[in-house]
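The values are calculated or read from the model by the stated rules, or taken from the named source; none is laboratory data. This is a predicted model, so every value here is computed, not measured. Neighbour counts run over all protein chains shown; Cβ positions are idealised from the backbone, glycine included.
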There are 2 protein chains.
Amino acid sequence: MTTTTGDQALIKRMNTAIVLEAILRAEPLSRAKISEMTGLNKATVSSLVQDLIDNRLVREIGTGVSSGGRKPVLLEFIDTAGYAVGIDLGVNYLRGVLTDLRGAIVAEKKLALATPDPDNTFNVLRPFIQSLIDEAPDGPFGVVGIGVGVPGLVDRGGSVLYAPNMGWRDVPLKEALDRTFGIPVLIDNEANVGALGEQKFGIGRGISNMIYVSVGIGIGTGLILHRSLYKGASGFSGELGHLSVEAHGKPCRCGNRGCWELYASEQALLDRAGELGYPQDLDALLAAAESGDAKLRKLLEEIGEYLGVGISNIVNVFNPNAVIIGNRMSKAQPWLEEAVRRTVEQRALGFHLRNVHLLYAELGDRSAVMGAAELAIAAFFDRLKAA
Amino acid sequence: MTTTTGDQALIKRMNTAIVLEAILRAEPLSRAKISEMTGLNKATVSSLVQDLIDNRLVREIGTGVSSGGRKPVLLEFIDTAGYAVGIDLGVNYLRGVLTDLRGAIVAEKKLALATPDPDNTFNVLRPFIQSLIDEAPDGPFGVVGIGVGVPGLVDRGGSVLYAPNMGWRDVPLKEALDRTFGIPVLIDNEANVGALGEQKFGIGRGISNMIYVSVGIGIGTGLILHRSLYKGASGFSGELGHLSVEAHGKPCRCGNRGCWELYASEQALLDRAGELGYPQDLDALLAAAESGDAKLRKLLEEIGEYLGVGISNIVNVFNPNAVIIGNRMSKAQPWLEEAVRRTVEQRALGFHLRNVHLLYAELGDRSAVMGAAELAIAAFFDRLKAA
DNA sequence: GTTTGTTTGTCTATTCAATAAACAAAGTTG
DNA sequence: CAACTTTGTTTATTGAATAGACAAACAAAC
């Protein structure tokens, strides 16, 4: 069985985490305020804060204004106690950030990727990550981890089981990076890290139940339920792009028929635009729509309707607080918004509509890379709580 | 903020729960074995067990066989320390059980319901519940709660917001029963309690991630994720019956089009059988299929295929360990099974298929009523842990 | 300037749960 | 019977949280 049994060390870890979270949430903060907010005794807070200061996670930044008595000593979290690397591994690009522990970007790089095969990718990725690590200022914890978002199925062990657009199968990405860098490496699906990015740093800040819909060449989804990323039985889930919305529709390479992404993705738009003689380029199409091309606007509206069909399903299934449309198609927001909203309002159950917001990614093409960094940051905090 | 801070009482509650769960899982059990299983010190276990004995939840039942030393004193959970009432409130029937704390049925009743309007239902339901309570033997905790499953949307406050088949809107069911009986009342959707019933007592015992598909007149679903019932933002979710599987299909009264339940429910079967001149009765149809009616078998196969379409979606979205088909249509298992399996294998993603089992409810028409009782039992144990 | 009351943060003594170690009781095995 | 095992209790110790006392620092009223 070996359940985690309770002892005094557990109490201390829990309460330390509570104190740290209070500081993170509302800094700068005095010990007295923390005691008041958390319900912990003043003496307890003092002792735990001292530990945090000794561990270089928190520091005193001088006194605040008095409210009729002794001045409070204000505390703040030391954002720069450590740094995290976030990587967005795309089919033909590599995007990376170095952030501090609060997610502020310290350095950012982008690189074109010639061929996506695993060997070439490794050869480019390794020096790319190293160059980000080299940018990290000194700090007590150094670089605390590397998070990577990948366009494919990732298992719990950090292996990429299947990434069709990159031609990968069973690539032990985490293992390879673990060995090279010797710091914690976290791998997850692109849509999952995108969801995390928007939930932590973007438009979805603090929302408990939200679905991030990554609309690019295909459609991927990241499910945040009860404030944390939902993974299914095998660690991968949320393939809502392959939700069938036309039981007898077009066959999909996944084996199913009428998959949502066949009707509502960037690829669907490009295909249909191609049939009408337009160039196969999203930016060009959006520029044309901008300049008033009615046929194109109509086409975008139809794509929006199909997005709305799938989103209605999502709303009925998950009853989330928000659905966030992200990735490349979020650029088309002005031409999609109205059709999506209208379709969802028509189709989703009334009771579910009450609390749901239809949002568009705020971080743009940074959703994934920021979420990847957050993976590493969250893992660092988890280690603190555990040890 | 008021996070639950850690103190020694919390530890004691946690460890007491661990000890109790160990006994529940593997009784009869000695103190020494519990210590070994849980990692808790022998002295700690002795002390906690004494508390449980004092609280009349556990008792010594004599000595076991020695393995070369002093004989162990075996402990067991006192199932009959308390009792729970479970109610399955149907459109035209009322089903109830009285169970002990382990879910063993002590008494069971069924009743036809003439008219489902709220007033009449209350007038029948109250004495029905009272008669079950009256059956409860004496025990230190008496009847610890009443769980009710309802065919409709239930909010967190236990009000039935909308139950179309019963014609209910905003009926404060929990409040009404609370006042009458003065013991904890838990209300939830029929599919949710069905899921709970199968997960606790039926074919889904111990499965972490499972989806229960209640196929009756409509289709309802109960989502058990990470071992617990998933509720969405507003407390109701899992309306997978209204997942659109034909974006431009038949209009549904919910406002959407092509909803799954229009193609795969008992009603869908009855409608199509009616067109072919069959009687509108499930049992009659199944009897005909049994006696070899080929046209009917073909029809059931088509229903099975549509069930498979929706289940493929479920598998792709949730990557669960199991999908359980329950409620009335589970009786049609022999005629559906093959078509469902074939369709899911064709349509669901290969990686997701690896760990998923397609199962049929084991408790038959008792899934819901047993799950309702479990609601009350689980709430009782939660109270123990909290206080 | 003095007094009064407030606020902050530390210190001290106490409580309580878990634990290791010692121990007694009750058993097996040769 | 002697030697060893197993079970469950007792005892002394550890450590985390807490209440309450306390000193320092301050504002506001007089």
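State all residues of the stretch A:359-379 that are touching an Asp or Glu at 6+ places or on another chain (Cβ under 7 Å) and within 13 Å of A:Asn189 (Cα to Cα); if no residue qualifies, say none.
Selection gives A:Ser367, A:Ala368, A:Val369, A:Ala372, A:Leu375.
From B:Val19, B:Val49, B:Val58, grab the single residue that is farther than 30 Å from B:Pro116 by Cβ, surrounded by 22 or more Cβ atoms within 10 Å (Cβ to Cβ) and within 14 Å of chain A (Cβ to nearest Cβ).
Going through B:Val19, B:Val49, B:Val58 in turn, the sole match is B:Val19.
Of everything in the stretch B:33-74 that's near DNA strand D (Cβ under 7 Å from one of its atoms) and assigned to a loop (DSSP other than H, G, I, E, B), which residue is nearest to the chain's Cα centre (by Cα)?
Checked the stretch B:33-74; the qualifying residue nearest to the chain's Cα centre (by Cα) is B:Pro72.
Looking at the stretch A:38-56, I want the residues that are without any contact (Cβ under 8 Å) to a residue 12 or more places away in the chain and have a partner that is near DNA strand D (Cβ under 9 Å from one of its atoms) with Cβ atoms under 8 Å, at least 6 apart or on another chain. Which pairs are those?
Short answer, once both residue conditions are applied: A:Gly39/B:Thr5; A:Asn41/A:Ser35; A:Lys42/A:Ser35.
Pick out the one residue from B:Leu186, B:Leu173, B:Leu177, B:Leu243 that is of a type outside the set (Val, Ile, Thr) and within 14 Å of chain A (Cβ to nearest Cβ).
B:Leu243
Note down all Cβ pairs under 9 Å where the first residue falls in the stretch B:201-225 and is modelled with pLDDT of 90 or more, the second is in a loop (DSSP other than H, G, I, E, B) and aromatic (Phe, Trp, Tyr), and they're at least six residues apart or on different chains.
Once the first residue is modelled with pLDDT of 90 or more and sits in the stretch B:201-225, its partners that are in a loop (DSSP other than H, G, I, E, B) and aromatic (Phe, Trp, Tyr) give B:Ile219/B:Trp260; B:Gly222/B:Tyr230; B:Leu223/B:Tyr230; B:Ile224/B:Tyr230.
State all residues of the stretch A:125-140 that are modelled with pLDDT under 95 and surrounded by 14 or more Cβ atoms within 10 Å (Cβ to Cβ); if no residue qualifies, say none.
If the condition is that a residue be modelled with pLDDT under 95 and surrounded by 14 or more Cβ atoms within 10 Å (Cβ to Cβ), then A:Gly139 is the only one that fits.
Using the structure shown, decide if B:Val97 is more than 14 Å from every other protein chain (Cβ to nearest Cβ) and over 21 Å from the mean Cα position of the chain (by Cα).
no
Residue by residue through the stretch B:63-111, note down the ones that are charged (D, E, K, R), under 18 Å from B:Arg126 (Cβ atoms) and crowded, with 18+ Cβ neighbours inside 10 Å.
B:Asp88, B:Arg95
Could you list, ordered by first residue, the pairs with Cβ atoms under 6 Å in which the first is in the stretch A:251-264 and touching a residue at least 24 places away in the same chain (Cβ under 8 Å) and of a type outside the set (Ser, Thr, Tyr) and the second is assigned to a loop (DSSP other than H, G, I, E, B) and surrounded by 23 or more Cβ atoms within 10 Å (Cβ to Cβ), at least 6 apart or interchain?
Pairs that qualify, where the first residue is touching a residue at least 24 places away in the same chain (Cβ under 8 Å) and of a type outside the set (Ser, Thr, Tyr) and the partner is assigned to a loop (DSSP other than H, G, I, E, B) and surrounded by 23 or more Cβ atoms within 10 Å (Cβ to Cβ), are A:Trp260/A:Leu243; A:Trp260/A:Val245; A:Glu261/A:Gly218.
One line per residue, one yes/no per condition, for (1) in contact with a Cys (Cβ under 9 Å, 6 or more places away or on another chain); (2) closer than 30 Å to B:Gly182 by Cβ; (3) not assigned by TED's automatic domain parsing to the domain that holds B:Glu27:
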{"residue": "B:Val58", "(1), (2), (3)": "no, yes, no"}
{"residue": "B:Ile61", "(1), (2), (3)": "no, no, no"}
{"residue": "B:Ser67", "(1), (2), (3)": "no, no, no"}
{"residue": "B:Ala84", "(1), (2), (3)": "no, yes, yes"}
